[in-house]
Amino acid sequence: MTPTDEPQMRIGALARLVGVNVGTLRAWERRYGVPEPARTESGFRLYSAADEAQVRTMLGYMATGLAPAQAAQRARGGVLHESAGPVEPIDTGLLQRPREALLAACLAFDARAAHAAIDEVIAAFTVSTVVDDVLFWCIREVGKRQEAGLSISEEHFTSALIRERMLALARGWDAGTGRRVLLACPPNERHDIGLISLGLALHRHGWRVTFLGADMPVGSVTRAYAVLRPKAVVLSALVPERFGSILDELQPLSSRTRLFLAGPGAAHVVAQVLGAERLVGDPVTAAATLTAYFPFSPEGTAKAGGSTA
């Protein structure tokens with residue numbers, strides 16, 4: 001063991017490095033033996049570079065669809081090239097308690113309790129289950145209550161907290177050797193949670209994701225495209241007017257790359273005018289649709305369209 005491999009990090013430092021909450025790391029250590037810290041004479045946990053690598057390996061397996069227990073087992077073996085294999089369906093009954101805890105915390109503006117509920121499901125389920133069956137479920141439930149008379153403050157609190165956690169799950173989605181996709185919202189579109197979810201789903205299909213976020217000028221998207229040369233560009237909006245007001249600006253970009261429109265605002269007529277494709281349905285369905293446009297060759301390069309980025 002070299003000096004740099006010596007256990008020197010506290011759990012907070014490790015959590016910041018790997019983008020995983022301290023509570024989740026402790027749960028993984030207790031349940032799955034990943035990571036395996038050394039302890040000082042006074043009982044403090046200390047983590048090494050090897051522990052960091054093991055957690056990152058576990059996260060990589062989870063991104064392919066493995067549950068944390070399976071991902072931890074493979075991470076302990078240090079095998080990076082195995083196929084994840086089929087993922088067993090989740091009994092959604094197991095999600096009911098953390099779902100209700102998260103919803104109650106959000107309605108009470110209790111960030112600590114909300115993060116604890118999210119930590120619980122992250123430690124036990126796959127990323128897709130956490131995002132699709134817990135985080136989005138909570139957003140929908142709060143939305144229903146707002147329509148029934150709940151104030152907008154609870155909806156904003158919930159959206160901000162869940163967006164924060166989804167971006168934490170997205171850490172590292174730019175890594176790998178897969179095809180690159182560029183994601184953005186058009187000008188004046190400030191709702192990007194659906195786009196983040198799409199990015200997470202695409203990453204599970206092997207895409208490298210570059211995320212520009214909300215309210216992005218077309219010129220800025222075009223500049224990013226020129227630098228990165230992604231295989232596809234996806235713009236997402238809640239209403240068609242977001243696209244309709246910038247059709248002239250989008251035409252040059254649409255002529256240079258495969259442009260996809262997502263979200264409720266991806267109207268057929270807008271896509272037709274631009275010569276763009278529509279990604280309809282939930283983020284998981286949209287990710288599968290986009291991936292089907294660009295099948296991989298045996299060498300790992302795409303068979304259709306654009307660059308290999």
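The values are calculated or read from the model by the stated rules, or taken from the named source; none is laboratory data. Being a predicted model, the structure only gives us computed values, none of them experimental. Glycine gets a Cβ as well: all are built from the backbone with ideal geometry, and neighbour counts include every protein chain shown.
Residues that are modelled with pLDDT under 95, among the aromatic types (Phe, Trp, Tyr) and within 17 Å of ASP282 (Cα to Cα) number at least 3 in none of the helices (runs of 4 or more DSSP H) confined to segment 183-258. Just the residues that are over 13 Å from HIS203 (Cα atoms) and at pLDDT below 90, please, taken from segment 146-180. Within segment 146-180, GLN146, GLU147, ALA148, GLY149, LEU150, SER151, ALA168 qualify. For segment 128-177, a tally of residues being touching a helix residue (DSSP H, G or I) at 6+ places or on another chain (Cβ under 6 Å), buried (at least 17 other Cβ atoms within 10 Å of the Cβ) and among the polar types (S, T, N, Q) returns 1.
Taken residue by residue, segment 282-305 has no member that is assigned to a loop (DSSP other than H, G, I, E, B), modelled with pLDDT of 90 or more and closer than 19 Å to CYS185 by Cα. I need the full set of residues from segment 17-36 which are at pLDDT 85 or above, surrounded by 19 or more Cβ atoms within 10 Å (Cβ to Cβ) and outside any helix (DSSP H, G or I), in order please. Of everything in segment 17-36, those that are at pLDDT 85 or above, surrounded by 19 or more Cβ atoms within 10 Å (Cβ to Cβ) and outside any helix (DSSP H, G or I) turn out to be VAL34, PRO35.
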